[in-house]
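Shown next, in structure tokens, is the structure this report addresses.
The values are calculated or read from the model by the stated rules, or taken from the named source; none is laboratory data. Owing to the predicted nature of the structure, the values given are computational and were not obtained by experimental measurement. Reconstructed Cβ throughout: ideal geometry from the backbone, glycine too, with neighbour counts over all protein chains shown.
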Amino acid sequence: MSHARPDRERGAGDAGDTGKARAGEPLAGESIAVVGAGFGGLSAAAYLADAGAEVTVLERNAHPGGYAGRIERDGFRIDTGPSWYLMPEVFDRFFEQFGRETEEFYELTALDPLYDVYWKDGDHARMPPDREGQKALFEGYETGAGDRLDDYLADAAEAYELGMDRFVYPSRSRLRDMLDIDVVRSARALPKLRTMDNYVGSYFDHPKLRQIAEYKLVFLGGSPYNTPAIYTLMSHVDMNLGVYHPTGGIASVIDGMVELATDLGVTLHTDTPVTAIEPADGATDGSPAFDVATDGHGVDRFDRVVANAAPTHVEADLLPDGLIDREAYWDSRTYAPSAFLLYFGVEGEIPELEHHSLVLPTDWKPHFETIFDDPGWPEDPAYYVHVPSETDETVAPDGHEAVFLLVPLAPGLDDDPETRERFRELVLDDLAATTGVDFRDRIVLEESACVSTFADRFNAPQGTALALSHTLKQTGPLRPAHRAPGVDGLYYVGAYTNPGIGMPMCLLSGEHASEAVIEDATSDGMLPPVVPTSTR
């Protein structure tokens, strides 16, 4: 079955939110450049091609995926960026929009346990996937906490449903979009505008239970002390919906998105860094046009440009000087953490570690202070260890393990080689002391990344590893809009925009950015009617 265009045969889909196709091809005749092949860029490319546009993706690196890259050497396949596969329904919904199924592109394994937690006082907890096991775990730390967990997760589920159905799936990237009756009906969510730590504390007193409930905020580039409690929804995401692993790692999801986009007619150029985006003069019908220059490939003209790159880089380095002057705006933003990352291929097994493990000090506030309040290298870091070979035999050769270790850091730190080496030893010493695992004499492959890596490889401001933090002032429509200010035909997609950080959010950002393009491109400024595929 062909899925190249919406006017061709499509598989029957849900008449609700999934499996839809727009009538006709509203972008027929439009040529669009997508700058960057991360999750947001590939998602936008697929939606734009499905709407009839001629789409060219320009990726500066050798492989698509952006942060979601892969080290592939000596039989190892190690993800370099995101490693938690959460919210599987968002990925399913994405592929179903094009009449496809996730299973066509990669296989998923539900993790059991979801993750382990090691505290530096010698305590160890294992998070089971079932509610009764979770309640028993919580009850073991605090009398009555098991029953309160039911209430907390019910509250988290409501926050998730409110957030997804009324704020995330619909595109609400402008303040006027919030003046909607659905948003007004969601006023009961207002108490969740206080901090996460304050809100979680109303359910659980034990600091370790609060850490379990709050650790997911690192995925959003925030801390329990600066992120609104609406993000209790993240507890629903892992403890109710589950944690999964795609065979081959997260880069396999990128492989699937590239395959889909190619089937839809998208052209992808890797090793093609964009060096300039110049609004073109002389468009005959008054519509926007851009001359896009790439290193070694000359200049091509496109009707519109969707940038899956840091807006700071686009505005300061790619557009003509002064066309968008938001230096003061960007300087005032709170950037999400950077990270110190270690990637290892290890000879022999590491049976002590599960697929996901968190290593936490009993008091993690000093580490968060070194990220957001007084930037510096933490003396007692909290960190994450990923051993995907515990689940997936394709990521390491026989008799070996693949290991990924991540320490959140303040963006903008100086990460000279001496500092990185000192910190490497500190973290590996800590891992050995806390978990009993010391594989330093068995390392057969090692690479690393840090603040300067993200700044150099991805033009990330201050070397952030995530984008803008999800503080209250940088949530929802208070994040940068998809439409670039003052430049018709230029759009932003990805983690800097609404709805925010994370693979699922970037998938949805691509959908929202494409809707903005279609709205602007259609003569009456309205989206064409959307009809279920079952009626086509």
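From the list 368, 340, the one residue that fits, being part of a helix (DSSP H, G or I) and either in contact with a Phe, Trp or Tyr (Cβ under 7 Å, 6 or more places away or on another chain) or outside the structural domain of residue 478 (by TED's automatic domain parsing) (or both), is 368. Contact map, the stretch 382-407: residues that are without any contact (Cβ under 8 Å) to a residue 24 or more places away in the chain paired with residues that are assigned to a loop (DSSP other than H, G, I, E, B), Cβ distance under 6 Å, separation 6+ or inter-chain. Pairs shown: 389/396. Across the stretch 450-495, the qualifying residues are those that are surrounded by fewer than 22 Cβ atoms within 10 Å (Cβ to Cβ) and of a type in the set (Val, Ile, Thr), and the one among them that is farthest from residue 82 (Cα to Cα) is 487. State whether one or more residues within the stretch 203-210 are modelled with pLDDT under 80, farther than 19 Å from residue 497 by Cα, part of a helix (DSSP H, G or I) and not aliphatic (A, V, I, L, M). Checking the stretch 203-210: not a single residue is modelled with pLDDT under 80, farther than 19 Å from residue 497 by Cα, part of a helix (DSSP H, G or I) and not aliphatic (A, V, I, L, M). Scan the stretch 354-376 for residues that are closer than 21 Å to residue 451 by Cα and among the small types (Gly, Ala, Ser) and the total you get is 1.
Residue 156 meets the conditions (1) more than 23 Å from residue 509 (Cα to Cα); (2) assigned to a helix (DSSP H, G or I); (3) modelled with pLDDT under 95 in every case but one. The failed one is (1). The selection criterion, being touching a residue at least 60 places away in the same chain (Cβ under 8 Å), within 26 Å of residue 465 (Cβ to Cβ), buried (at least 17 other Cβ atoms within 10 Å of the Cβ) and in contact with a helix residue (DSSP H, G or I) (Cβ under 6 Å, 6 or more places away or on another chain), does not hold for residue 311. When every residue of the stretch 367-375 is checked against the conditions, none turns out to be touching a helix residue (DSSP H, G or I) at 6+ places or on another chain (Cβ under 9 Å), at pLDDT below 95 and surrounded by fewer than 22 Cβ atoms within 10 Å (Cβ to Cβ). For the stretch 230-270, the set of residues classified as in contact with a Gly (Cβ under 9 Å, 6 or more places away or on another chain) and at pLDDT below 95 consists of 230, 231, 233, listed by residue number. Might you check whether a residue that is out of contact with any Phe, Trp or Tyr (no Cβ under 6 Å at 6 or more places or on another chain), among the charged types (D, E, K, R), farther than 30 Å from residue 353 by Cβ and touching a residue at least 24 places away in the same chain (Cβ under 8 Å) occurs anywhere in the stretch 487-499? Yes, some residue in the stretch 487-499 is out of contact with any Phe, Trp or Tyr (no Cβ under 6 Å at 6 or more places or on another chain), among the charged types (D, E, K, R), farther than 30 Å from residue 353 by Cβ and touching a residue at least 24 places away in the same chain (Cβ under 8 Å).
Could you list, in sequence order, the residues of the stretch 280-302 that are surrounded by 14 or more Cβ atoms within 10 Å (Cβ to Cβ) and either of a type in the set (Asp, Glu) or at pLDDT below 95 (or both)? Show your work before the answer.
Let us first name the residues in the stretch 280-302 that are surrounded by 14 or more Cβ atoms within 10 Å (Cβ to Cβ), namely 280, 283, 288-294, 297, 300, 302.
Correct list: 280, 283, 288, 289, 291, 297, 300.
Being assigned to a helix (DSSP H, G or I) and either farther than 30 Å from residue 490 by Cβ or in contact with a Pro (Cβ under 9 Å, 6 or more places away or on another chain) (or both) is a description that does not apply to residue 354.
May I ask you to verify whether residue 53 is within 24 Å of residue 490 (Cα to Cα), in contact with a helix residue (DSSP H, G or I) (Cβ under 7 Å, 6 or more places away or on another chain) and modelled with pLDDT of 95 or more? No, not satisfied. Scanning the stretch 100-120 finds one or more residues that are in a strand (DSSP E or B), within 19 Å of the chain's Cα centre (by Cα) and not hydroxyl-bearing (Ser, Thr, Tyr). Name the one entry in 271, 205 that is more than 25 Å from residue 336 (Cα to Cα), assigned by TED's automatic domain parsing to the domain that holds residue 33 and not aliphatic (A, V, I, L, M). One residue alone meets the criteria, 271. Of all the residues in the stretch 143-153, those that are surrounded by 15 or more Cβ atoms within 10 Å (Cβ to Cβ) and either within 27 Å of residue 508 (Cα to Cα) or not hydrophobic (A, V, I, L, M, F, W, C) (or both) number 4.
Among residues of the stretch 49-63 being of a type outside the set (A, V, I, L, M) and surrounded by 24 or more Cβ atoms within 10 Å (Cβ to Cβ), the one that is nearest to residue 346 (Cα to Cα) is 59. For the stretch 113-129, the criterion of being closer than 26 Å to residue 160 by Cα, of a type in the set (Lys, Arg), touching a residue at least 60 places away in the same chain (Cβ under 8 Å) and not assigned by TED's automatic domain parsing to the domain that holds residue 490 is satisfied by at least one residue. Of all residue pairs spaced 6 or more apart or on separate chains, those with beta-carbon atoms under 7 Å, a first member in the stretch 154-171 that is of a type outside the set (Phe, Trp, Tyr) and a second member that is at pLDDT 65 or above and not in a helix (DSSP H, G or I) are 168/499.
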